[in-house]
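K.L.:
Below: one structure in structure tokens.
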Amino acid sequence: RRRALRGARELTLSFVYWMQTEAPRWDGGHGYPELRLRGDVMGTGDGLAKEAYIRESRRIKALFTVTEAHVGLEMRGPDAGSETFDDSVGIGYYRIDLHPSTSGRNYVDIASYPFQIPLGALIPAGVTNLLPANKNIGTTHISNGAYRLHPVEWAIGEAVGALSAYCLDTDQTPVQVRQNDLRAFQDVLRGALDISLAWPEEIRRTSPT
């Protein structure tokens, strides 16, 4: 682990050096020497982040798991659109994008439809005091390639924050909200928080290019 983290920091520093000295400039020159790391902001001696960015995190075992079959163009068919979720708490969109792995697998890029975020994917199975707040929701390795993007993470975080407050206000668990009070919770999301829970039908069925 220490060796991998050291290698990650060295690789990042080499990229910063390239940006400072060799990156093509808009004016025909090379390098941006004014670019510098901000250790005073990051709180580190070398100016890098305190922790390495992990692209695919651990995920919960959720009440519901989003798969490629719910969002992928090839599996669903042309103009079929993404799966519609009755318990939607937000929307997102990104292609299923998987980077090469250490096993030698090449880059994977799969077209997907604009999709919804189902509440069931945000609730752990068998746990009552934990909610995920970003890309650690109930997805597979494949569908995580679309749900991991920052705008989707922000939508997930917003929904989870609202769910936490709603559970406290109504003295319910997340499971109880999903089973017994879903419509009222969705009304809070749509109303007070102005969160979109569904794409317009013509967009949901749009075949991505």
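K.L.:
Output the residue which, of all residues in segment 166-187 that are of a type in the set (A, V, I, L, M, F, W, C) and farther than 14 Å from D87 by Cβ, is surrounded by the fewest Cβ atoms within 10 Å (Cβ to Cβ).
P.N.:
Among residues in segment 166-187 that are of a type in the set (A, V, I, L, M, F, W, C) and farther than 14 Å from D87 by Cβ, the one surrounded by the fewest Cβ atoms within 10 Å (Cβ to Cβ) is L168.
K.L.:
Any idea which of (1) assigned to a loop (DSSP other than H, G, I, E, B); (2) open to solvent by 20 Å² or more (accessible area, probe 1.4 Å) is the one L197 doesn't satisfy?
P.N.:
(2)
K.L.:
For segment 137-158, indicate whether the set of residues that are in a helix (DSSP H, G or I) and charged (D, E, K, R) is non-empty.
P.N.:
Within segment 137-158 (the criterion being in a helix (DSSP H, G or I) and charged (D, E, K, R)), the answer is yes, since at least one residue qualifies.
K.L.:
Would it be correct to say that L163 is open to solvent by 20 Å² or more (accessible area, probe 1.4 Å), among the hydrophobic types (A, V, I, L, M, F, W, C) and either touching a residue at least 40 places away in the same chain (Cβ under 8 Å) or not in a loop (DSSP other than H, G, I, E, B) (or both)?
P.N.:
no
K.L.:
Just the residues that are among the aromatic types (F, W, Y) and without any contact (Cβ under 8 Å) to a residue 40 or more places away in the chain, please, taken from segment 94-133.
P.N.:
Result: Y107, single match.
K.L.:
With (1) more than 13 Å from the chain's Cα centre (by Cα); (2) closer than 27 Å to E202 by Cα; (3) open to solvent by less than 10 Å² (accessible area, probe 1.4 Å) as the list, and I123 as the residue in question, which single condition is left unmet?
P.N.:
Every condition holds for I123 apart from (2).
K.L.:
Additional query: Any idea how many residues of segment 61-95 are of a type in the set (A, V, I, L, M) and either at pLDDT below 95 or part of a helix (DSSP H, G or I) (or both)?
P.N.:
So the count comes out to 5.
K.L.:
Can you pull out every residue in segment 1-59 that is assigned to a loop (DSSP other than H, G, I, E, B), open to solvent by 80 Å² or more (accessible area, probe 1.4 Å), under 30 Å from I137 (Cβ atoms) and without any contact (Cβ under 8 Å) to a residue 60 or more places away in the chain?
P.N.:
Across segment 1-59, the qualifying residues are R1, K50, E51, Y53, I54.
K.L.:
To continue, here is another question. Would segment 200-209 turn up any residue that is of a type in the set (G, A, S), under 20 Å from the mean Cα position of the chain (by Cα) and at negative phi?
P.N.:
No.
The values are calculated or read from the model by the stated rules, or taken from the named source; none is laboratory data. Note that this is a predicted model, so its numbers are computed, not measured. Every residue, glycine as well, gets a Cβ built from its backbone with ideal geometry; the counts of neighbours run over all protein chains shown. Accessible surface is based on the protein model in full, side chains and every heavy atom, while ligands, DNA and RNA are left aside. Shrake-Rupley method; radii C 1.70, N 1.55, O 1.52, S 1.80 Å.
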